[in-house]
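The values are calculated or read from the model by the stated rules, or taken from the named source; none is laboratory data. None of these values were measured; they are calculated from a predicted model. For neighbour counting, all protein chains shown are included, and Cβ atoms are generated from backbone atoms with ideal geometry for every residue, glycine included.
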Amino acid sequence: MDTCPQTENAQGQNPNGNHILITKNLNAYYGSFLAVRDVNMAIAPNSITAIIGPSGCGKSTLIRCFNRMHEVAHGARVTGQLLLDGEDIYGTGIDPVSVRTRIGMVFQKPNPFPTMSVIDNVVAGLKLSRIWSRRRKMEEIAERCLRQAALWDEVKDKLKQSGTSLSGGQQQRLCIARALAVKPEVILMDEPCSALDPIATLKIEDLMHTLAKDFTIVIVTHNMQQAGRVSDATAFMMMGDDRAGQLVEYGATKQIFTNPKDKRTEDYISGLFG
Amino acid sequence: MALNRRNRKASRLGDAVFSRLSLVASLAIIFILVNILVILIMQAWPTLSEFGASFLWTSDWNTMTDEYGALPAIYGTVVSSLLAILIAVPVSFGAAVFLTEIAPLWLRSTASFIIEMLAAIPSIIIGMWGVFVLVPIVRDPIQKWLGNAFGWMPIFQGNQLGFGFLAAGIMLALMIIPIITSMSRDVLRAVPQSQREAMLALGATRWETISKAVLPFGRSGLVSAVILGLGRALGETMVVAMVIGNVYSIRFSLFSPGSTIPSKIAGEFGETLPGTLQMSSLLGLALILFAITLIVNIIARLLVWRMSAVKMGRL
C-alpha cells in the first residue's frame, strides 16, 4: 500500500505525480437522459477527495460510476473510461464484481444487514469469496476492522447482537468496517454523514483522516464545511442548462475555497445559491 | 359559532356511531369463531365421550360396528399437505425471486398477473383438470419412473394407480403456488434497495446478493407466506377428494390412495344421518382439523414474531 502524504496542489496531483483513479470523458445516463456529462478528473492515492455541489447536480450518480454501481439501476449506463491503477474498469470483459472488491462503498443511510450479528456484518464481504471460513480467523479480521473503524471499544461487548441494534453513527462505522474488511484500495462515501448527528459526524470525519493513511477516499457531501474540513482535493459540480451534471472546477481544497477560478464555484462557496 | 358547535356535535355523533359499529363488527367475528368451536365440540361430544383420546390414534371407520378413528385422515392430511409444501416452496420462491430480481421490467407485471389469475380459478375446475390430465401423467411417466429408479424406498412402492397421495400433493402444490408466489413477491419487493446495494458493493454476485441479503431480510415474511399456503393446503377439500382415491387406511407409499380430513367429511357428510355416531365422528374430524390449523398458525405467529424481534435488534 502506498503511504505517501496528502495531495499537494490543483488537479489532485501528488508529489509523485501518480494517480489511482483517472476518469476520461465519463458520461452517465439513465436511459436516454444524460445525468452526468464528460467528467475528467484524476485522484491521487491516499488522498481524500470531496465532491460538492447543489442537489441534483449528479454528485451521487458520478460516485456510483466509480465502482460500477450506477449500472445496477434499470436502464442506467456509462460511457467513457475510468482507470483504476491504469486499468479501465469499463473495459470489455471486466467483471463489475471484481471492481467492487477493489473499490468499496459506504452509503448515505447506514445499511447493516439486520439478520447478521455485528461480527458477521463485518466479514460478510470476506465470506463471499470463500467456501468455508474459520471462525477464529474471521473474528480476528473483524476485530482488526472494527478497531480500524474506531468502533471496537463501543461494540466489543455486543459482537453477537444484530447489526441494527447499534446507534446510527455506530451503524455507519460498522458499514465502514465492513467495507474495510474486503481490503479495497479506494473507499467511496456517498454522503455518509447526512443521516447522523454532529457528534457522530465528527467521529466519522476523524476516522476518514486515519483511513486516508491506508486507503484513497472519495466522499460526496452536500455540506461545504465538511468538504473543507476533511478533504485534500475538491470537485465542484453543477447542473448545466441541459440538466446534465458537469464538473465545474476541480482542484486542491484550499484553492477551491479561497481562490476559486470559476465564477460559479465562487458563488456557490460564498453561499449565493445552493 | 353556532354553526361550528352544531358541526362538532354532528361529528361527535358520527364518531359514536362509527365506533359502536366497528365494536359490533369485531365482536361478531369473535362470536362466530367461539360459536364454531362450541358447536364443533357439542356435535363431536358423543364421539369424544365414546372413544376418548383413542379417537386420535385408531384407524377404523366402520359404520356396521360403529367404530371410528381419525388417524388415517390425520395422516392423509399431514402427508398431502407436507408433500404440497415440499413441492410448492422451491417453485414459489424461485418464481418470486425471478419476478423481483431477475426478470426484465416488462415481464414482471405480466407474469405476476398470470400467476394471480391461476389463484382465481375455482378449485372444482382445477380438480377436473387434475382427474383428466394430471392423474394419467402421475401414473405414467412419474410413478413409473420413480418406481423404477427409487423402488427400493418404501414411499415409492406399490400399485401405480395415479390416484393417491402423490397426485393430491402435486394438485395441492399447484393450488398454493400462486398464493405463496404472490405473497413472497410482495415480501421481496419490500426489501430496501439499500440492502441489495450493500451486498453488491462488497463484491457480491447477483445470486449472492439474493441469497445473503434479500432472502434473509425477508425471511419472516417468507415464513408467513409458506404458512398461509400450508393453511390453504390443510383445508383444501374438492381437489383432494377428486384425486386422492378416498381409501380410509394408512399406507406409507406415496403411490397409495388415502383420505384427508376435508375429503373424508365432504365424501360422507351428505349420506350420514344427523344424530348418529358416524356424524359425530365426522365433526370430531373437523374439530381436529380446526386444532391443527390453529396450532400451525400459532407456531407461524411465534416464528414471525421472533424473527421480527431479531430485525429490531433484539437477537
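Being in a helix (DSSP H, G or I) and hydrophobic (A, V, I, L, M, F, W, C) is the filter here, so list the residues in the stretch A:192-233 that pass it.
A:I199, A:A200, A:L202, A:I204, A:L207, A:M208, A:L211, A:M224, A:A227, A:V230
Residue-by-condition table, conditions (1) at the interface with chain B (Cβ under 10 Å from one of its Cβ atoms); (2) modelled with pLDDT under 90; (3) surrounded by 16 or more Cβ atoms within 10 Å (Cβ to Cβ):
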position	(1), (2), (3)
A:D95	yes, no, no
A:S98	yes, no, no
A:T101	yes, no, yes
A:V106	yes, no, yes
A:I119	no, no, yes
A:L128	yes, yes, yes
A:L146	no, no, yes
A:D153	no, no, no
A:D157	no, no, no
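Considering each of A:L151, A:L211 in turn, give the residue that is in contact (Cβ under 8 Å) with a residue 12 or more places away in the chain, more than 18 Å from A:P110 (Cα to Cα), touching a Leu at 6+ places or on another chain (Cβ under 8 Å) and not aromatic (F, W, Y). Let's see the steps before the verdict.
Details: A:L151 fails: more than 18 Å from A:P110 (Cα to Cα).
None of the other options fit; the residue is A:L211.
Given the conditions (1) surrounded by fewer than 18 Cβ atoms within 10 Å (Cβ to Cβ); (2) of a type in the set (A, V, I, L, M, F, W, C); (3) under 17 Å from the mean Cα position of the chain (by Cα), report the number of the one that B:L222 does not fulfil.
(1)
Of the conditions (1) of a type outside the set (K, R); (2) out of contact with any His (no Cβ under 7 Å at 6 or more places or on another chain); (3) over 30 Å from B:R251 (Cβ atoms), B:L105 satisfies every one except a single condition; which number is it?
The single condition B:L105 does not satisfy is (2).
Pull out all pairs, ordered by first then second residue, where Cβ-Cβ is under 7 Å, the residues are six or more apart or on different chains, the first lies in the stretch A:230-243 and is within 18 Å of A:L34 (Cβ to Cβ), and the second is of a type in the set (A, V, I, L, M, F, W, C) and assigned to a loop (DSSP other than H, G, I, E, B).
Every condition considered, the pairs that remain are A:M237/A:C57; A:M238/A:C57; A:M239/A:C57.
Could you tell me which residue of the stretch A:192-212 is surrounded by the most Cβ atoms within 10 Å (Cβ to Cβ), considering only residues that are among the polar types (S, T, N, Q) and either under 29 Å from A:V97 (Cα atoms) or within 14 Å of chain B (Cβ to nearest Cβ) (or both)? If you could, list the steps in order and put the result at the bottom.
Step one: filter the stretch A:192-212 for residues among the polar types (S, T, N, Q), giving A:194, A:201, A:210.
Still in the list and also either under 29 Å from A:V97 (Cα atoms) or within 14 Å of chain B (Cβ to nearest Cβ) (or both): A:194, A:210.
Values: A:S194: 14, A:T210: 12.
Filtering the stretch A:192-212 for residues that are among the polar types (S, T, N, Q) and either under 29 Å from A:V97 (Cα atoms) or within 14 Å of chain B (Cβ to nearest Cβ) (or both), the one surrounded by the most Cβ atoms within 10 Å (Cβ to Cβ) comes out as A:S194.
On the basis of being in contact with a Leu (Cβ under 7 Å, 6 or more places away or on another chain), in a helix (DSSP H, G or I) and at pLDDT 90 or above, does A:A142 make the cut?
Working: in contact with a Leu (Cβ under 7 Å, 6 or more places away or on another chain): no; in a helix (DSSP H, G or I): yes; at pLDDT 90 or above: yes.
No: the conditions fail for A:A142.
Restricting attention to the stretch B:178-208, which residues are within 13 Å of chain A (Cβ to nearest Cβ) and buried (at least 22 other Cβ atoms within 10 Å of the Cβ)?
Passing the criteria: B:A198, B:M199, B:L200, B:A201, B:L202, B:G203, B:A204.
Is there a residue in the stretch B:127-144 that is within 26 Å of the chain's Cα centre (by Cα), closer than 25 Å to B:T293 by Cβ and without any contact (Cβ under 8 Å) to a residue 40 or more places away in the chain?
No; the residues of the stretch B:127-144 include none that is within 26 Å of the chain's Cα centre (by Cα), closer than 25 Å to B:T293 by Cβ and without any contact (Cβ under 8 Å) to a residue 40 or more places away in the chain.
Considering only the stretch B:257-271, how many residues are surrounded by fewer than 23 Cβ atoms within 10 Å (Cβ to Cβ) and out of contact with any Leu (no Cβ under 8 Å at 6 or more places or on another chain)?
Here the count works out to 4.
Sort out for me the helices (runs of 4 or more DSSP H) sitting completely within the stretch B:202-297 that have 3 or more residues that are within 30 Å of A:C175 (Cα to Cα). Steps first, please.
Working: elements: B:206-209, B:219-235, B:238-243, B:261-268.
Hits in the stretch B:202-297: B:206-209, B:219-235.
Go through the stretch B:22-63 residue by residue and tally those that are within 18 Å of B:G267 (Cβ to Cβ) and assigned to a loop (DSSP other than H, G, I, E, B).
Final tally of qualifying residues: 3.
So is A:G80 surrounded by 22 or more Cβ atoms within 10 Å (Cβ to Cβ), more than 14 Å from chain B (Cβ to nearest Cβ) and at positive phi or not?
Values: surrounded by 22 or more Cβ atoms within 10 Å (Cβ to Cβ): no; more than 14 Å from chain B (Cβ to nearest Cβ): yes; at positive phi: yes.
No: the conditions fail for A:G80.
Can you go through B:F165, B:F156, B:F217, B:F150 and tell me which one is over 27 Å from the mean Cα position of the chain (by Cα) and either more than 13 Å from chain A (Cβ to nearest Cβ) or at negative phi (or both)? Steps first, please.
Working: B:F165 fails: over 27 Å from the mean Cα position of the chain (by Cα); B:F156 fails: over 27 Å from the mean Cα position of the chain (by Cα); B:F217 fails: over 27 Å from the mean Cα position of the chain (by Cα).
That would be B:F150, the only listed residue that is over 27 Å from the mean Cα position of the chain (by Cα) and either more than 13 Å from chain A (Cβ to nearest Cβ) or at negative phi (or both).
Can we say A:S55 is farther than 30 Å from A:E266 by Cα, among the small types (G, A, S) and either in a strand (DSSP E or B) or out of contact with any Ser or Thr (no Cβ under 8 Å at 6 or more places or on another chain) (or both)? Break it down into steps so the answer makes sense when it comes.
Details: farther than 30 Å from A:E266 by Cα: no; among the small types (G, A, S): yes; either in a strand (DSSP E or B) or out of contact with any Ser or Thr (no Cβ under 8 Å at 6 or more places or on another chain) (or both): yes.
So A:S55 fails the test.
Inspect all residues belonging to the stretch A:131-142 and state whether any of them is on the phi < 0 side of the Ramachandran plot and of a type in the set (G, A, S). Working first, answer last.
Step one: filter the stretch A:131-142 for residues on the phi < 0 side of the Ramachandran plot, giving A:131-142.
Right, trim to of a type in the set (G, A, S) and you get A:133, A:142.
Scanning the stretch A:131-142, I find at least one residue that is on the phi < 0 side of the Ramachandran plot and of a type in the set (G, A, S), so the answer is yes.
Across the stretch A:163-191, what is the number of residues that are in a loop (DSSP other than H, G, I, E, B) and away from chain B (no Cβ under 11 Å)?
The initial filter retains those residues of the stretch A:163-191 that are in a loop (DSSP other than H, G, I, E, B), namely A:166-167, A:182-185, A:191.
Still in the running and away from chain B (no Cβ under 11 Å): A:185, A:191.
Selection size over the stretch A:163-191: 2.
Looking only at the stretch B:230-248, decide whether some residue is within 30 Å of A:T164 (Cβ to Cβ) and buried (at least 20 other Cβ atoms within 10 Å of the Cβ).
Initial filter on the stretch B:230-248 (within 30 Å of A:T164 (Cβ to Cβ)): B:230.
Of the ones still in play, those that are also buried (at least 20 other Cβ atoms within 10 Å of the Cβ) are B:230.
Yes, there is a match, as at least one residue in the stretch B:230-248 is within 30 Å of A:T164 (Cβ to Cβ) and buried (at least 20 other Cβ atoms within 10 Å of the Cβ).
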